[in-house]
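> Below you'll find the structure I mean.
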Amino acid sequence: MNTINWRLIYTHTVLIIGVIFMSLPVWVAFATSTHDAETILRNGLQFWPGTHFFETYREVLFVEGGVMKSVLGTTMLKNSLILGIGFAVGKVIISMLAAYAIVYFRFRLAAPLFWIIFMTLLLPLEVRIIPSYEVMAGLNLLDTHTGLIVPLIASATGTFFFRQFFMSVPDELLEAARLDGATPWRFFVDILIPLSKTMIAAILIIMFVVGWNQYLWPLIMTTKEENYTLVIGIKQIYQVLAEGGELPQYQKAFALTILATLPPVLVVLVFQNWFVKGLVESEK
Amino acid sequence: MAGVELTGVRKVYPNGAEAVRGVDMKIEHGEFIVFVGPSGCGKSTLLRMVAGLEGITDGEISIDGRVINDVSPADRDVAMVFQNYALYPHMTVRGNMSYGLKNRGIGKAEINSKVEEAAKMLRIADFLDRRPQQLSGGQRQRVAMGRAIVREPKVFLFDEPLSNLDAKLRVQMRIEIKRLQRRMDVTSIYVTHDQTEAMTLADRLAVINDGRIEQMGAPLELYNNPSTLFVASFIGSPQINLVPARFDGKKLISGDLALSGFKDLPEDVDLVLGMRPDDLIQSDNGKLSMRVDLVEQHGADNLIYGALLGAEADEGDETEICIKVDQQVLPAIESTLKLDVDLSRALVFRKDSGQRVL
Amino acid sequence: MKRVQFEHSPIPYLFIAPQIIIIVVFFLWPAAQAIYQSFLLEDAFGLSSQFVWFKNYSDTVFSTSWLQAAGFTVVFSTLVTLLSLAIALLLAVKANEVIHGARTYKTTLMWAYAIAPPVAGLMGNLMFHPLIGDLYKLMNAIGWDFNHKLDAFDASFVVILISVWKQVSVNFIFFLSGLQGIPHSVVEAATMDCKNATRRFWTITFPLLAPTTFFLMVINITYAFFETFGIIDTTTRGAPGGATNTLVYKVFQDGFRGADLGGSSAQSVVLMLIVLALTVVQFRFIERKVHY
C-alpha cells in the first residue's frame, strides 16, 4: 500500500509523547546527577550525561557525609533492601496462612476474625499515625527493623488476594487429598503452596516495591540516620537543600533519587509479566 | 443482483505462512455457498477477507461488480454472524440490532420497524428489551442473525455459527437458517467444518484444503463424483472405505484380492480404491468377505465395522471397512460376512496426487 | 465459600493468629487510642487531660484551616483522578492498537509505578527549582510569573502535576488489561457495524470499560487522599499558608509538628469515616458491578 497510514502515525506520536512525558524527568535526573555542582548551578538541569558519574555516586554511596551528615549511601541501601524484602516475605507468609485458615476451615470465630482483618482496609496508616507511633515508642521498637516491618505486614490486601486465589482452586483437589489421607498441614505444604507459586511470585514482586517505597511509616519510626532507608534519605536531602548554606549539591540529590528508584524499577522491568498479572489480579 | 467474485485471492501472513493460496470463484446472486474443510484449511480466513476483517495480500474480491479490496468492512454492505455471536453485552437485544442502522443514519422510526419485523421472523420479539447475558445460546444465536438481517446487506457471512450449540439445537437452527436465506433471497457464504451442515445447507459447496479449493459444486455432485481423494474422504458420513490397490493391466489387485471389471487404469502406480458403505452389499455369493468386529445400531440402519479379509493393508495389519445394512442384519462378532460391491459406483484414486482416475 | 472444608482442627486458629495479633496491637489499639484521644484536650506538657466531648471535632472541622484543607483535598482529588485517568486511557487505547513496539511502549509507560511518591516529589521539586529547574524557566518563558513558593495556584499546579504523573502508570496498566479483556469478536462486529473509529470507541469500548473505570476512580481517589503525602512533603509541604494541605497532610502536621493531639485525633477519626464511606462505595457499587 502506498498511501500513508495517518492513523498509525497519529497513534505512534501519541504514544511517543506519552513515553517522553513519563520518562524524561527520570532521564534528566540521571543525566544531571553525572555532572558536578558548579555546572548545574550555572547551566541548570542537564539533558546529556556528564563526566562525574563515578565521582558523584561514589560520594553518595561510600563516603561518610557524602550525602547525609554521617550515614553512607550503602547503609541506606541496605536498610531499604531489608525493608523491601522483609515486608514482601512477611506479607506473603502472614496472608497465606490467614487466607488458608479462612477458606479451608470451618471454625467458630471465622466470621468475626475475617471482619477484623477486613477492618484494616478502613484504617490506613495515615489515619492512626500518631497513636501508632506512641505504641511503638512504648514497646521500644523505634529505630528497629522489626518495628519498621511488622506493623506493615498485616493489612488485608494480601489476605484478600490469596483468599480469592484459594477460592478458585477446585474443590476436587481437596477431596482427592483427603482420600489420600492428607492432613490440613500436608495439604497446605504439598499441594496448595506449589499451586500458588506464580501468585506468590507476583505478590512478592509487588510487595517488594511497596515496601521499598514506604515513606510515612519509616519517617516517624526512624530517628537515627543510620536507620534511614533510601526513600527517607530523600526527605533529608530535601531539608538540606531547602536550608541552603554551602554550595547545594544537586547532583547528589539526583543521584540519591536514582538510587532510590533503581531497584524497584529494575524489579518491575525484569519481572514485568508477573508484576502486571499480580497487580491486576490483586485489585479485583 | 449481488454476486461475489474472487479472483486469484491469496493471503500471506507477515511470518510467511500462506493461509490462502490462490482462490477463484464466482458466486451468483442468492446462492448459498458453503466453505467446508478441516481446521486450519483457510476457510475462515477466506470468509474474513470477504468481510474485510483480514487484508487481501493478492488478488481481487468484488461484490456486485464493485472491487472491495480497500473498502472498510462497514462500507462493504455485508453482515456477519460470528461463531460466539459477538453481541454487545452492554446493550439490549433491540440495541444490538439497531446499532448498525443507527450508525448509517437511518431514522428511528424506520429502525424500529425493521427491528420488530426481524424479531418477529426470528421469534425473539419477546426478548427485545433483555440483555444478552439473560438469554440462552440458541436465543443469542438468533439475535446475532437478527442483527445481520436488519441491515439488509448484499451478502450474509456465517462463521461456524452453530458450533457452540448442542446437537439438537444445531439441527433446528440449521433448518431455520436455510429457510430464512431462501425467504430473503440474499447471497450467503457459510463456513463450517461439519460436512453434514455443508451438505444440507449448500446450493454449492467448496471443499477447501490447505488454502486451496479442492472441488466446488453441488453437494450431490461432490458426493457422487469427487475429483480427489481428499474430497471423497471428507464428504459422506460414514467415511468412504479406502483400500490400497494396484492395477496389473487386467485386474485390480489388493493383497490376495483380485477384482475384475476395471480397465484403463494406470499400471505400476499405487492406487486407492474407494467404496462407500452403502455401495457394499451383503450377499451370500459375494466375492469379498469381511470379519465383523463391531455392529452399531442406528435405528433404521446398522453400521458394521470390520476388516476386509485378504486386502492389502496400508500401515498396520488390516484394512478396516464399514458397511451400511438394514436394521435386521445383525451378524455375530468374529463372524464372516460375504459382500458384493457395486463397481459402477467404485472410485479409484492415485495415491500420490489424490487425483481420481476412475 | 468452599464446599469442602476441614473441621475440628486447631490449625486455623494457629494460622490466623499472627495476622490477628499484629492487627490488634498495631491497627485496632492505635485506632481506639485515636478515637479516645479525640475526645480529650491535653495541656502543653501532656500532664493532664480533660474530657471535652465533641469540642475537638467542632473546633477542628469548622476551623478555617481544616475547611481550607478539605476544600483543597476535594479539588485536588478530582483533578488528579480525572487527569491521570484521561491520560492513561488515551495511552492505553493507543498502546492496544499498535502491533510494532507494543511491548516497548507498555514497558516504558508502566515502570513509573515503581517510583516512590516522595522521590517523584523531590524530582519535580528540583525541576521547578528557581535556580536550576528547566520547568521553572519554561514557565517564565511562556510568560507565566511562576512562583510556587508564594503563589497558591502555582503550588497547587506543581503538586497536581507530579501526582498525576506518578499515577498514570497504574491507571495505564489497568486500562490496558481492561481493553484486552473485551472479546475480540465484539470489537470485530463493531468494525462491521460502525465505520467511524471514534464513535466505535465511545459507544462500544468505553461502556465495556465501565467496571475498570469505576474501580480505578476509587483507587485514584484513595491515592489522592493518602499516598500523595510523600509528594507534598517533598515539595510544598502545605505552603503557602496551608494552600496545598490535604486532610491527611494536616493530620500529620498538627499532630507531629503542632503537637495538637486532640485536634489531630479528631481529624483522624473524620478521615476514618471518609475511608469507610469510600470502602462502602467500592464494595457496594463495584462488586455489584456493571456486570457483563
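The values are calculated or read from the model by the stated rules, or taken from the named source; none is laboratory data. All figures in this text were calculated on a predicted structure; none of them were measured in a lab. Heads up, the Cβs are rebuilt from the backbone with ideal geometry, glycines too, and the neighbour counts pull from every protein chain shown. SASA here: full protein model, heavy atoms, side chains in, ligands and nucleic acids out. Shrake-Rupley method; radii C 1.70, N 1.55, O 1.52, S 1.80 Å.
> May I ask you to derive the relative contact order of the range C:168-268, considering only C-alpha pairs under 8 Å and at least 6 residues apart, and to give it as an integer percent?
17
> Report Rg(Cα)/(2.2 N^0.38 Å) for chain C, keeping two decimals.
1.24
> Let me ask you something else. Note the full-extension length gain between A:LEU262 and A:ASN140 as 0.36 nm times their separation in residues minus their Cα-Cα distance, in nm to one decimal.
40.7 nm
> When only DSSP loop residues count, what trypsin sites (Lys or Arg not before Pro) in the range B:216-294 have their Cβ near at most 13 other Cβ atoms within 10 Å?
Filter output for the range B:216-294: B:LYS250, B:LYS263, B:LYS287.
> What is the spread of the Cα atoms of the range C:118-251 along each of their three principal axes, largest first, in whole Å?
56, 37, 21
> What net charge is computed for the residues neighbouring A:GLU126, neighbours being all others with C-beta under 14 Å from the C-beta of A:GLU126, Lys and Arg scored +1, Asp and Glu -1? Before the final figure, lay out the partial values.
Working: positive: A:ARG128, C:LYS250; negative: C:GLU227, C:ASP233, C:ASP254.
Result for the neighbourhood of A:GLU126: -1.
> How tilted is helix A:6-33 with respect to the longest principal axis of chain A? Cα atoms for both, answer in degrees (0 to 90, nearest 10).
The angle comes out at about 70 degrees.
> What's the center-to-center distance, using Cα atoms, between the range C:90-104 and the range B:259-275 in Å?
60
> Please work out how much length the chain gains when fully extended from C:ILE99 to C:TRP202, using 0.36 nm per residue of separation minus the C-alpha to C-alpha distance, in nm with one decimal.
Full extension of this stretch gives 34.9 nm more.
> Let me ask something else about it. Expressed in nm to one decimal, what extension gain is obtained for the pair B:SER39 and B:ILE253 from 0.36 nm per residue of sequence separation less their Cα-Cα distance?
The B:SER39-B:ILE253 span can extend by a further 73.6 nm.
> Kirkwood Rh, Cα Rg: Rg to Rh for the range C:4-100?
1.25
> Okay, next question. In the structure shown, do any of A:LYS277/C:LYS250; B:LYS251/B:LYS338; B:LYS108/B:LYS178; B:LYS250/B:LYS338 have a Cα-Cα gap over 26 Å, and if so which? Intermediate results must be reported in sequence, preceding the final value.
Numbers: A:LYS277/C:LYS250 36 Å; B:LYS251/B:LYS338 20 Å; B:LYS108/B:LYS178 30 Å; B:LYS250/B:LYS338 23 Å.
Distance filter (> 26 Å) returns A:LYS277/C:LYS250; B:LYS108/B:LYS178.
> Any idea what angle helix A:110-119 forms with the longest principal axis of chain A, computed on alpha-carbon atoms, 0 to 90 degrees, nearest 10?
Long axis of A:110-119 versus the principal axis of chain A: about 10 degrees.
> Just to confirm my numbers, what's the Cα centroid distance between the range B:20-60 and the range C:142-194 in Å?
42
> Moving to a separate point now. To the nearest 20 debye, what charge dipole does the protein assembly as shown have about its Cα centre, counting +1 at the Cβ of each Lys and Arg and -1 at the Cβ of each Asp and Glu?
Magnitude of the dipole: close to 2140 debye.
> Using 5 Å bins from zero, what percent of all Cα-Cα pairs in the range B:147-288 falls into each bin?
P(r) over the range B:147-288, rounded to whole percents: 2, 8, 14, 16, 15, 13, 9, 6, 6, 6, 3, 1, 0.
> Let me ask something additional. Taking the Cα centre of the range C:27-123 as origin and charging only Cβ (+1 Lys, Arg; -1 Asp, Glu), how large is the dipole, in debye to the nearest 20?
Result for the range C:27-123 is approximately 520 debye, rounded to the nearest 20.
> What percent does the relative contact order of chain A come to when contacts are Cα pairs within less than 8 Å and at least six residues apart?
30
> Between B:ASP70 and C:HIS184, how high is the FRET efficiency from 1/(1 + (r/R0)^6) when r is the Cβ-Cβ distance and R₀ = 25 Å? Nearest 0.05. Walk me through the intermediate numbers first.
Numbers: r = 23 Å, r/R0 = 0.91.
That gives a FRET efficiency of 0.65.
> For chain B, what does the helix formula give at 222 nm: sum of -39500 (n - 2.57) over DSSP H segments with n ≥ 4, over the residue count, nearest 500 deg cm²/dmol?
-7000 deg cm²/dmol
> Percent of Cα-Cα pairs more than 16 Å apart in the range B:97-201, please.
Value for the range B:97-201: 59 percent of Cα pairs lie more than 16 Å apart.
> Determine, from the Cβ-Cβ distance of A:GLN272 and A:ARG7 and an R0 of 41 Å, the FRET efficiency 1/(1 + (r/R0)^6), rounded to the nearest 0.05.
Between A:GLN272 and A:ARG7 the formula returns 0.90.
> May I pose another question? Quick check: pseudo-label points 7 Å beyond the Cα along Cα→Cβ at B:ASP317 and B:ARG123, how many nm apart are they?
Between B:ASP317 and B:ARG123, the label points sit 5.3 nm apart.
> When only DSSP loop residues count, what GluC sites (Glu not before Pro) in the range B:282-358 have their Cβ near at most 12 other Cβ atoms within 10 Å?
Counting only loop positions with at most 12 other Cβ atoms within 10 Å, the GluC sites (Glu not before Pro) in the range B:282-358 are B:GLU315, B:GLU334.
> Hey, rough spin-label estimate for A:PHE118 and B:GLN172, points 7 angstrom out along Cα→Cβ, what's it come to in nanometres?
Here the answer is 4.3 nm between the modelled labels.
> How large is the convex hull of the Cα atoms of chain B per residue, expressed in Å³ as a whole number? Working shown, then result.
Numbers: hull volume 61.4 nm³, N = 358.
Here the figure is 171 Å³ per residue.
> Using the heavy atoms of the protein chains alone and a 1.4 angstrom probe, what is the accessible area of the protein assembly as shown per residue in square angstrom?
Spelled out: the 1.4 Å probe surface of the protein assembly as shown, per residue, equals 44 Å².
> Normalise the Cα radius of gyration of chain A by 2.2 N^0.38 Å (N = residues in it) and let me know the number.
For chain A, the normalised Cα radius of gyration comes out at 1.26.
> Could you please state, rounded to a whole Å, how far the C-alpha centre of the range A:28-56 is from the C-alpha centre of the range A:138-169?
When both Cα centres are located, 40 Å separates them.
> For the protein assembly as shown, what is the largest minus smallest coordinate of the Cα atoms on each principal axis, given in angstrom and ordered from greatest to least?
Here the Cα extents, ordered largest to smallest, are 119, 71, 61 Å.
> Still on this model: So, counting K/R as plus one and D/E as minus one, what does the shell of residues with Cβ under 12 Å around B:GLY37 add up to?
On the way: positive: B:LYS43, B:ARG212; negative: B:GLU160, B:ASP194, B:ASP210, B:GLU214.
Taking every Cβ under 12 Å from that of B:GLY37, the sum is -2.
> Separation between the A:ASN43 and A:THR223 pseudo-spin-labels, each 7 Å from Cα along Cα→Cβ, expressed in nm?
Modelled inter-label distance: 4.6 nm.
> At a temperature of 25 °C and a viscosity of 0.890 mPa s, determine how fast the range A:21-66 diffuses translationally according to Stokes-Einstein, using the Kirkwood radius over alpha-carbon pairs as Rh; express D in µm²/s, rounded to the nearest whole number.
Calculated translational D: 223 µm²/s.
> Given a 1.4 Å probe and every protein chain left where it sits, what share in percent of the accessible area of the range C:1-114 is carbon and sulfur? Write out the running numbers ahead of the final one.
Values: 4270 of 5960 Å².
Solvent-exposed carbon and sulfur of the range C:1-114 make up 72 percent of the total.
> Oh, and also: Using alpha carbons only, how many degrees (0 to 90, rounded to 10) separate the axis of helix A:53-62 from the longest principal axis of chain A?
Here the helix axis deviates by roughly 60 degrees.
> Right, another one. Over the protein assembly as shown, what is the percentage of antiparallel beta bridges among all DSSP beta bridges, to the nearest 5?
Counting only bridges with both partners in the protein assembly as shown, antiparallel ones make up about 75 percent.
> Output the relative contact order of chain B, whole-number percent, from Cα pairs under 8 angstrom with separation of 6+ residues.
15
> Which FRET efficiency, nearest 0.05, do B:GLU296 and B:ALA218 yield, Cβ-Cβ r, R0 45 Å? The partial results should precede the final answer.
Working: r = 29 Å, r/R0 = 0.65.
Efficiency computed from Cβ-Cβ geometry: 0.95.
> Tally Lys/Arg at +1 and Asp/Glu at -1 over every other residue whose Cβ is under 12 Å from the Cβ of A:THR222; what's the total?
With Lys, Arg at +1 and Asp, Glu at -1, the net is -1.
> Next up: At q = 0.12, 0.22, 0.23, 0.26 Å⁻¹, what is the base-10 log of I(q)/I(0) for the range A:29-95 according to the Debye formula with one equal point scatterer per Cα and no solvent? Please give it to two decimals.
Reported log10 I(q)/I(0), two decimals: -0.47, -0.89, -0.92, -1.02.
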